[in-house]
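> Okay, handing you the structure first.
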Number of protein chains: 2
Amino acid sequence: MSKNPVSNSVIRRLPRYYRFLGELEKHGTVRISSRELSEKMGLTASQIRQDFNCFGGFGQQGYGYNVSELRSKIGNILGVNTGNPAILIGAGNLGRAIASHMDFNERGFRLIGIFDSNPNLAGSMIGELAVRNSLELEQFCIENSPVAAVLCIPKESAAEIAVRLESYGIRAFWNFSHYDLRADHSDIIVENVHLGDSLMTLSYGLNSK
Amino acid sequence: MSKNPVSNSVIRRLPRYYRFLGELEKHGTVRISSRELSEKMGLTASQIRQDFNCFGGFGQQGYGYNVSELRSKIGNILGVNTGNPAILIGAGNLGRAIASHMDFNERGFRLIGIFDSNPNLAGSMIGELAVRNSLELEQFCIENSPVAAVLCIPKESAAEIAVRLESYGIRAFWNFSHYDLRADHSDIIVENVHLGDSLMTLSYGLNSK
């Protein structure tokens with residue numbers, strides 16, 4: 001999208017902006033100043049202007065931001081309507097929760113397949129998708145060309161499956177496995193989720209009060 | 001713990017340090033320089049020293065850090081062994097995944113109760129805990145004094161239950177509900193989990209390549 005690489009911390013704020021603007025839109029807010037937006041989000045107004053300038057800037061001097069317009073622009077940058085085909089690996093508790101709980105469609109993806117190595121799970125339904133045996137992975141990828149994979153498997157299984165998935169054309173991983181994908185696969189896009197880090201941050205909060 | 005309030009970004013890095021040091025320990029690394037640690041973590045060495053200085057500094061000039069010692073010190077700051085009693089609200093897919101998937105004990109908490117408002121779920125087992133009817137919440141809190149609650153319920157139910165939980169003595173929330181707890185409860189400790197933000201960041205990665 002942009003010519004210069006945008007810093008990671010700016011990128012991480014984009015979904016938050018998108019979420020906050022969605023709330024504002026839902027409550028009927030038509031426009032907002034960078035000051036108001038910054039107060040709501042706990043950032044400084046200049047920080048917000050700097051962030052938006054990475055993408056050419058969205059404001060209008062003296063008017064502030066049109067909420068719907070800004071939300072849709074940030075949504076486009078995030079690619080929320082891209083519908084990239086994705087598969088999910090591991091239909092345990094976590095995989096089930098992610099598959100049934102997440103609005104993939106509103107966040108840039110289309111979940112088109114769920115796989116598990118346990119043959120007893122094959123055929124069981126999660127939402128509108130039937131779990132498939134992992135043996136079908138290659139054939140499925142040839143026929144449906146998914147580009148992203150959600151890894152809801154233990155760390156021990158992740159290394160082997162990541163190699164296979166990359167060879168089947170998967171370029172992006174949403175990684176719940178705690179396996180350090182980036183160490184062995186430099187060309188892929190990885191988003192790691194470490195729920196344990198979040199829980200320890202809460203523990204710090206209690207512990208430091 | 002510390003006298004001056006430590007910045008949020010430093011606090012958020014502590015669990016990552018703790019995790020990386022655990023990996024190093026597992027692989028038998030006894031000591032590490034701040035330069036090596038910084039390369040592994042994608043930070044600068046001076047950033048790491050600054051972070052640790054917030055807690056009095058842990059290194060020894062010319063020696064670097066003793067991995068086990070550093071890990072245990074950071075663990076103490078995070079309160080990983082505190083075992084604060086916690087309850088989980090909402091035994092749907094997500095609640096089940098969190099309750100069975102997370103090592104609460106190694107991250108500062110003890111999960112002592114799971115509640116759901118659906119009476120049909122009462123009595124069903126998640127790990128070693130039987131799901132309880134939400135009607136029992138008050139009595140349970142009086143008898144067991146949990147201090148933290150994990151909210152795995154829809155946004156719509158969160159406002160009402162948060163008020164109740166606070167009146168029962170809950171001071172910390174691990175919040176998966178997307179309800180903005182802080183807006184109505186200023187005195188509590190909140191850690192929000194927005195999995196959707198993480199997924200949109202992955203979408204950005206695909207979209208900007």
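> Tell me, for the rotation carrying B onto A, which chain B residue has the beta-carbon closest to the axis and what that distance is in whole Å.
Whole-Å result, nearest residue of chain B to the axis: B:A97, 2.
> Sticking with this one: When the solvent-accessible surface of protein heavy atoms is calculated with a 1.4 angstrom probe, in what order do B:T201, B:T44 fall, highest first? Working shown, then result.
Values: B:T201 15, B:T44 85 Å².
In descending accessible area the options line up as B:T44, B:T201.
> Something else now. So how many Lys-Lys pairs in the protein assembly as shown land under 23 Å Cα to Cα, not counting same-chain pairs under 8 apart?
Qualifying lysine pairs in the protein assembly as shown: 16.
> Sticking with this one: Any idea which of A:G123, A:N133, A:N66 is furthest toward the positive side of the dipole for chain A, if Lys and Arg beta-carbons carry +1 and Asp and Glu beta-carbons -1?
A:N66
> Taking the full set of protein chains and a 1.4 angstrom probe, give the accessible area of A:H178 in square angstrom, rounded to the nearest 10.
Rounded to the nearest 10, that gives 70 Å².
> Just counting partner chain Cβ atoms within 10 Å, what average do the residues of peptide A:90-102 show around their Cβ? Provide the component values of the computation, followed by the final result.
Values: counts 0, 0, 4, 10, 8, 2, 5, 11, 5, 1, 3, 8, 5.
The shielding value for this peptide is 5.
> Suppose all protein chains stay in the model; what accessible area per residue would a 1.4 Å probe give for chain A, in Å²?
Details: 10070 Å² over 209 residues.
Each residue of chain A exposes 48 Å² on average to a 1.4 Å probe.
> Another one. Quote the accessible area belonging to B:E136 in square angstrom, nearest 10, computed with a 1.4 Å probe and with ligands, DNA and RNA left uncounted.
So the heavy atoms of B:E136 present about 80 Å² to solvent.
> In square angstrom, rounded to the nearest 10, how much accessible surface does B:K73 have for a 1.4 Å probe?
Roughly 80 Å² of B:K73 is accessible to a 1.4 Å probe.
> Oh, and also: Can you list the copy-to-copy distances for B:R49, using a point 7 angstrom from Cα toward Cβ, in nanometres, shortest first?
Taking the point 7 Å beyond Cα along Cα→Cβ, the inter-copy spacings are 3.6 nm.
> Please give the helix B:67-78 orientation as an angle from the longest Cα principal axis of chain B, in degrees from 0 to 90, rounded to the nearest 10.
On a 0 to 90 degree scale, this one is about 40.
> Using Cα-Cα distances under 8 Å and only pairs 6 or more residues apart, what relative contact order does the stretch A:117-209 have, in percent? Walk me through the numbers on the way to the answer.
On the way: 92 pairs, mean separation 18.5, N = 93.
So the answer I get is 20 percent.
> Along Cα-to-Cβ, 7 Å out, sits the label point; list in nm, shortest first, how far the one on A:R35 is from those in the other copies.
Shortest to longest, the spacings are 4.9 nm.
> Counting only protein heavy atoms and using a 1.4 Å probe, what share of the accessible area of the stretch A:1-126 belongs to carbon plus sulfur, as a whole percent? Mind dumping the intermediate values first?
Numbers: 2860 of 6420 Å².
Ligands and nucleic acids excluded, carbon and sulfur give 45 percent.
> What's the magnitude of the charge dipole for the stretch B:15-72 around its Cα centre, counting Lys and Arg as +1 and Asp and Glu as -1 at the beta-carbon? Answer in Debye, nearest 20.
Values: 8 positive and 6 negative charges, 12 e Å.
Charge dipole of the stretch B:15-72: 60 debye, to the nearest 20.
> Note the buried accessible area between B and A here, summed over both chains, with a 1.4 Å probe, in Å² to the nearest 100.
Details: alone 12700 and 12690 Å², together 20150 Å².
Adding both sides of the contact gives about 5200 Å².
> So, with +1 on the Cβ of K and R and -1 on the Cβ of D and E, and no other charges, what is the size of the charge dipole of the stretch A:83-209 about its Cα centre, to the nearest 20 debye? Could you put the intermediate results ahead of the total?
On the way: 9 positive and 15 negative charges, 67 e Å.
It works out to roughly 320 debye.
> Just how far, in whole angstrom, is the stretch A:137-182 from the stretch A:16-84 if you go by their alpha carbon centroids?
With the stretch A:16-84 and the stretch A:137-182 each reduced to a Cα centre, they are spaced 33 Å.
> Go through A:G205, A:A148, A:L195 and say which Cα lies farthest out towards the positive end of the charge dipole of the protein assembly as shown; charges sit on Cβ, +1 for Lys and Arg, -1 for Asp and Glu.
Farthest towards the positive pole: A:G205.
> Something else now. Largest first, what is the accessible-area ranking of B:R164, B:R31 with a 1.4 Å probe? Write out the running numbers ahead of the final one.
Numbers: B:R164 65, B:R31 120 Å².
The ranking, largest first, comes out as B:R31, B:R164.
The values are calculated or read from the model by the stated rules, or taken from the named source; none is laboratory data. None of the values given here were measured: they were computed from a predicted structure. Glycine gets a Cβ as well: all are built from the backbone with ideal geometry, and neighbour counts include every protein chain shown. Side chains included, ligands, DNA and RNA excluded: accessible areas come from the protein's heavy atoms. Shrake-Rupley method; radii C 1.70, N 1.55, O 1.52, S 1.80 Å.
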